[in-house]
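We did not get these values from a lab; they are worked out from the coordinates using the rules stated. Given the structure is predicted, the values throughout are model-derived calculations rather than measurements. Cβ placement follows ideal geometry from the backbone for every residue including glycine, while neighbour counts extend to all protein chains displayed.
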C-alpha cells in the first residue's frame, strides 16, 4: 500500500517508519532492486498544467499517489503547509524512497526523502499561491528538540533517481548507504511555476527552514496571458516567502506587455491572484515604466496586470518623476460636438490601494 498524506512536522515523520534499515523504502514497501542492466528512467522536464488557473493543492488522505507535507509555524502562530506530491504511481517512471536514521548514526540524524517522476506532471510542490513542477525533489527533515520547530529543507530540479541493487562498496553518502541514487541535473526552464494565469520557469529550487524562503534560481522567464495586453518578462531569481506569503521576482526584473509597456525594477512583488505587481526600486535605481512617450519613475510603482495601468507610490525619501507626451490638438476646422443630455460616464474603477 502506498504511503499517502504523510505529515512532516516538528521533526516527526508520520506514516513512514524510520527504524534502522540498510535499504530505503519506496511507496511504503521495501524497495525492489532493479535489474543491473535496466537504465534509469529518463528525466523529462515537467510541463505546465493545461488549465489556465491551476492552483496549489495539499495532500489527500487515501490517495494512491505519494504525498508529504512540511508544516511551518510562523512567528504569528499560523501554520503554513508545503506539500510535495509525486504525481505518478508506476515504478517505471520514478520512485518515492525514505531513508531514515540507521543503526549507529548519531542522535538527530535527519530523515531523507527522494521523489522522482519523469511523466509530464512530475513532482508537484505547492508553496503559498504557487504550484511548482520538477522531475526530482530531495527533502531533508531534521528532528526538532523540545520546544523547537523544524519544517525541513527541499532541493528540487531536473534529474533522476533510482533504487540500487545493493549498497556500493565504500559508500559514505547517506542516500547510497540507504540503497538510493539521486542525480540532480539543474537546467534552464525545468522548474515550472504556475500562479494563476502566470507561468514562470527557472532551473533549481531550494527551500530552507532557516528563513522559510524558497529560492528559485534563474534565469527566470515568465508569461501571463491577457489578450492584447499579455505579459512576458525576465528576472534573475524568484523568492517565495512562506511566512509573509509573498512571491518576489528579484534582480534586473523586466516586464514587457504586448500593448507596448516596458517596466523595470530591482524587485517585483507579484500577485497574480490580485492582478497586481509592486515594482520596487532603490534611490539610485527607481522603478520605471514606459509606454510610448510616457515615462513614470518612482520608489514604488503599482502595476494593474489586467488593465496594463501603472500608479506611482512615493517611497519615503524618494521622488516621483514623469514625462508624458501631450496629445496633438484637433484642427480648428473640426466642429464641436452637439450638446447632449447623456449623463456623464461612471467613475472608473478605483486604483489599487497602496501598501
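Miscellaneous remarks
- Rounded FRET efficiency, nearest 0.05, which uses the C-beta distance separating residue 166 from residue 215 and R0 of 41 Å: 0.70
- Compactness ratio for the stretch 104-240: Cα radius of gyration over 2.2 N^0.38 Å (N = residue count) comes to 1.22.
- Ranked 134, 268, criterion: other C-beta atoms within 10 Å, fewest first: 268, 134
- Diffusion constant of the stretch 79-158 at 20 °C, which comes from Stokes-Einstein with the Kirkwood Cα-pair radius and 1.002 mPa s, µm²/s: 155
- Here is the tail figure for the stretch 225-323: Cα pairs spaced more than 18 Å apart come to 43 percent of all pairs.
- Footprinting exposure proxy for 183, 87 (fewest neighbouring C-beta atoms within 10 Å first): 183, 87
- A protection proxy built from the mean count of other Cβ atoms within 10 Å ranks the segments 88-98, 271-281, most packed first, as 88-98, 271-281.
- Three principal axis extents describe the C-alpha atoms of the stretch 189-236; from largest down they are 42, 18, 15 Å.
- Here the label points at residue 236 and residue 107, each 7 Å from Cα along the C-beta direction, are separated by 4.3 nm in the simple model.
- Separation of the residue 79 and residue 64 label points, Cα + 7 Å toward Cβ, nm: 2.9
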